[in-house]
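Here the structure is laid out as structure tokens; the discussion comes afterwards.
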Amino acid sequence: MPDDLTANTRVKRSANWPLWSGFLLSLIAFLSYFLIFARFPVTRDVPWINFLLLALSLALLFVGLRRAFGRSHRYRGKIAGPILSILSLAVVAFFCLSIFYFPRKLPASSQSPRVGQKAPDFALPDTHGHTVSLTALLTAPAASEPTKGVVLVFYRGYW
């Protein structure tokens, strides 16, 4: 008789928190790039913090899936686990597309100077706040000074 009682009673299964926290962390990693980290050059050019957060979210999802399918008698998540994992993988894929693929599809710049073409004159403040122009940098130096040269580096972006 005791065997019949244990067979008919339901064991309450624990919540599978790694599944939900992995999914939420993938959303936070995706949104935080555009809301926070795109403002700073060190994290805008190579979003390493977001990659670490996405890797951590995928690791949590993996742990949650192992718990849901490996110890299903103790943890919930056999239905929600695959759904959340697929949604998180879609978030990771869209993040990688938006960082690596979509910026390369920008239209060609028709007004930028070509290689070997003379740059138009411009004036910008230096680190001390003094205005420096391109013609002032390219003027012929005195005999005692070394020849001057200017390297112009163009960072094309859309920010």
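Tabulated results
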| read-out | value |
| --- | --- |
| Test: residue in the stretch 56-64 that is under 21 Å from residue 30 (Cβ atoms), open to solvent by 100 Å² or more (accessible area, probe 1.4 Å) and outside any loop (DSSP other than H, G, I, E, B) | yes |
| Top-ranked residue in the stretch 21-34 [being hydrophobic (A, V, I, L, M, F, W, C) and modelled with pLDDT of 95 or more; ranked as least open to solvent (accessible area, probe 1.4 Å)] | 29 |
| Failed item in (1) under 30 Å from residue 151 (Cβ atoms); (2) surrounded by fewer than 16 Cβ atoms within 10 Å (Cβ to Cβ), with residue 47 passing the rest | (2) |
| Residue among 102, 94 that alone is closer than 16 Å to residue 25 by Cβ, of a type outside the set (Gly, Ala, Ser) and not in a loop (DSSP other than H, G, I, E, B) | 94 |
| Residue in the stretch 68-84 that is open to solvent by 100 Å² or more (accessible area, probe 1.4 Å) and under 25 Å from residue 153 (Cα atoms) present | no |
| Close pairs (9 angstrom Cβ cut-off, 6 or more residues apart or separate chains): free of Cβ contacts under 8 Å to residues at least 12 places away in the same chain in the stretch 91-104, open to solvent by 30 Å² or more (accessible area, probe 1.4 Å) anywhere | 98/30; 98/34 |
| Filter pass, residue 114 being touching a residue at least 60 places away in the same chain (Cβ under 8 Å) and charged (D, E, K, R) | no |
| Meets criteria (modelled with pLDDT under 90, open to solvent by less than 90 Å² (accessible area, probe 1.4 Å), out of contact with any Phe, Trp or Tyr (no Cβ under 7 Å at 6 or more places or on another chain) and among the small types (Gly, Ala, Ser)) for residue 112 | no |
| Selected residue (criterion: most open to solvent (accessible area, probe 1.4 Å)) from residues of the stretch 118-129 that are closer than 14 Å to residue 150 by Cβ, without any contact (Cβ under 8 Å) to a residue 24 or more places away in the chain and not in a strand (DSSP E or B) | 118 |
| Of the criteria (1) open to solvent by 80 Å² or more (accessible area, probe 1.4 Å); (2) within 12 Å of the chain's Cα centre (by Cα), which one residue 13 fails | (2) |
| Criterion violated by residue 134 - all others in (1) open to solvent by 40 Å² or more (accessible area, probe 1.4 Å); (2) of a type in the set (A, V, I, L, M, F, W, C); (3) free of Cβ contacts under 8 Å to residues at least 40 places away in the same chain satisfied | (1) |
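The values are calculated or read from the model by the stated rules, or taken from the named source; none is laboratory data. Just so it is clear, the model here is predicted, and its values are computed rather than measured. With ideal geometry, Cβ positions are generated from the backbone for all residues, glycine too; neighbour counts draw on all protein chains shown. Protein only, heavy atoms only, side chains kept; ligands, DNA and RNA dropped before computing areas. Shrake-Rupley method; radii C 1.70, N 1.55, O 1.52, S 1.80 Å.
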